[in-house]
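A short write-up of the structure that comes next.
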Amino acid sequence: MSVQRPAIHFVDDDPALLRGMSLSMRRRRPDWIIQSDDDPLKALESFAAAPADVVVSDLRMPGLNGIEMLLKMKARRPDAATGFVMLTGTGSYETALKAINDAKIVRFLEKPCETDDLISAIEDTLANSSTALQTAAANAEEAADAVNAAVLILGPDARLIYANAAGRDLLSEADPLTLNEDSICRPRDASNRDAFAALIADCATHQDGRPHWLTLDRSTATGYISMVAKCEAPDGQSPRVTIIASDPERRTILSTDAVRHLFNLSRAEAAIAISIAKGDRLEDAAAASGVTISSARTYLKRVFLKTGAGRQADLVKLVHNSPAALIKR
């Protein structure tokens, strides 16, 4: 697997100093992607389009000082896990404190600084950013595993890159989608393979963010899987096709705790609401909850009052469109 080269963005209003730093870094660290700007406003636009892994900036610059520029960079791209290093020729405790507290700058160096010291600061910043990215990725994976819908991320060759818990469950059934020994995802039924391959190719080719839809029939049982696919291409990487799939035959397991908290219901009221949302008759809901039909009617009236639903059909729609239907219990 290829490793993405770190991108380092130098910003300084002194063109000669900027050129010297850039040349030195390219010579000492040829594995880094070096970009530079002598105008903080241009640097801000460049960062908004493609955030670097580390920004090394002078503090005193005309129009926009280093701290102001970095704060604007964070505001423009809050999703970026960029580390910041500040250089200044007039160091002071107050300036350093403002840089650390306001802009969350991880390193603060006085000019002129040795190349080795600057490289060390950048490497430390890269390490810190990598740890932050790993933590964010772990949190995102945990969140995806809690979702009921199957999520698959495939390369342009349909090779599996990622599957959440529901996606892994879907693939383990091997119907309608299977994985071969090379982790290539394809329909089990040969009659579906051309349509699936066309879906992946169309997504990977156009990369226009437009959703692509497909339904695959099961080959070993009745029913089907419906899916929507979209493609994205991270900077410098191959296109990735994200597929979200659902099985209409698989009943959503509603979380009692979620329904209780979302609609301010008692446990007994939530149980009745969930039974009705699943399509049960009131008699069946009462039996499942271990209460009389009279009590079930009372609970259902309370549910209508608290949720604002006017009839059972409204309640079904309300519950299934809530987060209670999205998260595994």
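The values are calculated or read from the model by the stated rules, or taken from the named source; none is laboratory data. These figures come from a predicted structure and were not determined experimentally. Every residue, glycine among them, receives a Cβ derived from its backbone with ideal geometry; neighbour counts consider all protein chains shown.
Looking at region 308-327 only, could you name the residues that are out of contact with any strand residue (DSSP E or B) (no Cβ under 7 Å at 6 or more places or on another chain) and surrounded by 14 or more Cβ atoms within 10 Å (Cβ to Cβ)?
Matches in region 308-327: A309, Q312, L315, V316, L318, V319, H320, S322, A324, A325.
Sort through A277, A270 and tell me the only one that's touching a Lys or Arg at 6+ places or on another chain (Cβ under 8 Å), of a type in the set (G, A, S) and under 29 Å from A165 (Cα atoms).
Exactly one residue qualifies, and that residue is A270.
Examine region 207-219 for a residue that is within 16 Å of V151 (Cα to Cα) and in contact (Cβ under 8 Å) with a residue 40 or more places away in the chain, and state whether such a residue exists.
Checked against the condition, which is being within 16 Å of V151 (Cα to Cα) and in contact (Cβ under 8 Å) with a residue 40 or more places away in the chain, region 207-219 yields at least one hit.
For region 179-206, which residues satisfy the criterion of being out of contact with any Lys or Arg (no Cβ under 9 Å at 6 or more places or on another chain) and assigned to a loop (DSSP other than H, G, I, E, B)?
E181
I need the helices (runs of 4 or more DSSP H) fully contained in region 10-77, keeping only those with at least 3 residues that are more than 22 Å from E114 (Cβ to Cβ).
40-49, 66-76
For region 114-150, name all the residues that are modelled with pLDDT of 80 or more, surrounded by fewer than 16 Cβ atoms within 10 Å (Cβ to Cβ) and outside any helix (DSSP H, G or I).
Within region 114-150, E114 is the sole residue that qualifies.
Based on what the data block shows, is A268 touching a Phe, Trp or Tyr at 6+ places or on another chain (Cβ under 6 Å) and not aromatic (F, W, Y)?
Answer is yes for this residue.
Among the residues of region 254-281, count how many are in contact with a Leu (Cβ under 7 Å, 6 or more places away or on another chain) and without any contact (Cβ under 8 Å) to a residue 40 or more places away in the chain.
1
Which of the numbered conditions does V55 fail, given that it passes all the others? Conditions: (1) out of contact with any Asp or Glu (no Cβ under 9 Å at 6 or more places or on another chain); (2) among the hydrophobic types (A, V, I, L, M, F, W, C); (3) under 23 Å from G20 (Cα atoms); (4) modelled with pLDDT under 85.
(4)
Being aliphatic (A, V, I, L, M), exposed (fewer than 15 other Cβ atoms within 10 Å of the Cβ) and farther than 30 Å from R186 by Cβ narrows it down to one of L305, L265, so name that one.
L305
Suppose the filter is in contact with a Cys (Cβ under 7 Å, 6 or more places away or on another chain) and either modelled with pLDDT of 85 or more or not in a strand (DSSP E or B) (or both); does L160 pass it?
For L160, the condition - in contact with a Cys (Cβ under 7 Å, 6 or more places away or on another chain) and either modelled with pLDDT of 85 or more or not in a strand (DSSP E or B) (or both) - is met.
Could you check, for region 39-50, whether at least one of its residues is crowded, with 18+ Cβ neighbours inside 10 Å and under 20 Å from D124 (Cβ atoms)?
No: region 39-50 contains no residue that is crowded, with 18+ Cβ neighbours inside 10 Å and under 20 Å from D124 (Cβ atoms).
Take the residues in region 151-201 that are of a type in the set (D, E) and more than 18 Å from T220 (Cα to Cα); name whichever of them is surrounded by the most Cβ atoms within 10 Å (Cβ to Cβ).
Result: D157.
Look through M86, M73, M61 and report the one residue that is farther than 22 Å from E123 by Cα and either in contact with a strand residue (DSSP E or B) (Cβ under 6 Å, 6 or more places away or on another chain) or modelled with pLDDT of 85 or more (or both).
The unique qualifying residue is M61.
Please state which of the following conditions A229 fails to meet, knowing it meets all the rest: (1) farther than 30 Å from A80 by Cβ; (2) in contact with a His (Cβ under 9 Å, 6 or more places away or on another chain).
Single failed check for A229: (1).
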